[in-house]
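A short write-up of the structure that comes next.
Laboratory data are not the source of any read-out in this text; all were calculated from the coordinates shown. Every value quoted in this text rests on a predicted model; they were computed, and no experiment measured them. Neighbour counts are summed over all protein chains in view; Cβ atoms, including those assigned to glycine, are modelled from backbone coordinates with ideal geometry.
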Amino acid sequence: MDLFHKILVVLIFFSCTLTNAQQDPINTLYRYNMNLINPAYAGADGRTTIGVNVRSQWSNVQGAPETQNLIFDTTLGKNLGMGISAISDKTFIENQTSIALDFSYQVKLGENHDLFFGLKTGFNSYNANTEGLVTYGIQEDPSLMNLDDRLTPNFGAGLYLKHDNYFLSFSIPKILTRDRLEEENGVATLGADKNHFYLAGGMELPLGQNITLKPSSLLRYVEGAPISLDITTFLDFNNYFDLGAAYRVNESVSGMAIFKVSSGMMIGYAYESPFENSIRNIDNGTHEIMLNLKL
């Protein structure tokens, strides 16, 4: 990658950090990895689930975001669920890892309605190598000493309303804020995380004997940033194959496919293309791969 593209990556990185304030990773296949943002999903389907999700954003750009996610959840009894969620995210000079235990408690509201309360507790590791920022025209605040291996505790909470044909979800996966790198007027300085609020919903609508329409949406609110909204639709063909598309308002469009290899194995792929011209002209889109096992 030449110097121009390196500088462009840095500018895009800081622009996204400052303008969008979207500090937590985003998943296009969020509907199949809801444990990452809402602990109330732990054990909610009554089976043990192991899931892996890998996302490569702006795949032709050096230093662009790379995210790996892991979820595990199972039931502990009639009304209790437990899980583990882990996120590893790398962007330019930042590396952060989150590992959390998820607990859920089920309350029966009626014959077809269940309400799950969730609690997420764990820790976050944050590392930012600020050496060499001046090469890209970014000055370093003298008060910004060393952000290596910052380890901080955190906790979150969530609600999940489950029905046979639809669901609603609300969560705050990280309530405590942490120090992190930010940019202000061309200077790299010490900032703080913003709380992320997630509201999601979806349903299943039979269109025929073998086809089901599965629309869903995910709204993210971050203090000081525009609201982010994903609108997603899948067509389920005889519970063997899902074909879908997603629109992230004013940001990107995606195509997705889910292959249900067996009753316990699901493989998914998503390709996302941004609307931003400066990014679209130098990258090969965003690729996301998912593997879910239900035991």
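With θ set to phi - 60°, apply the Karplus curve 6.51 cos²θ - 1.76 cosθ + 1.60 along region 25-37 and write out the HN-Hα couplings as whole Hz, x wherever there is a Gly or Pro.
Values, residue by residue: x, 10, 10, 6, 8, 4, 4, 9, 9, 5, 4, 4, 10 Hz.
Sort 264-272, 91-99 by the packing proxy (mean of other Cβ within 10 Å over each peptide's residues), most packed first.
In decreasing order of mean packing, 264-272, 91-99 become 91-99, 264-272.
Find how much the distance from Leu199 to Ala257 grows on full extension, using 0.36 nm per residue of separation minus their present alpha carbon separation; answer in nm with one decimal.
Here the segment from Leu199 to Ala257 would lengthen by 18.5 nm.
List, in order, the whole-Hz ³J(HN,Hα) value for each residue of region 72-84 obtained from phi through the Karplus relation with A = 6.51, B = -1.76, C = 1.60 and θ = phi - 60°; use x for Gly and Pro.
Taking θ as phi minus 60°, the curve returns 9, 8, 7, 8, 10, x, 4, 10, 10, x, 9, x, 10 Hz for region 72-84.
Just to be sure I understand the model, the point goes 7 Å from the Cα along the line to the Cβ. What's the resulting Asp164 to His287 distance in nm?
4.1
For Phe92, list long-range residues whose amide hydrogen, built 1.01 Å from N in the peptide plane, is under 5 Å from its own amide hydrogen.
Correct list: Ala64.
Quick one: 3J(HN,Hα) in Hz for region 250-264, Karplus 6.51/-1.76/1.60 with θ = phi - 60°, rounded, Gly and Pro as x.
Going residue by residue, I get 6, 10, 6, 9, 9, x, 9, 9, 10, 10, 9, 4, 8, 5, x Hz, with x marking Gly and Pro.
Tell me which residues come under 5 Å, amide H to amide H, from Thr48 once H is placed; ignore anything under 5 positions away on its chain.
It is Leu295, by chain and number.
Calculated FRET efficiency, Asn239 and Thr48, Cβ-Cβ r, R0 35 Å, to nearest 0.05?
Approximately 0.95, to the nearest 0.05.
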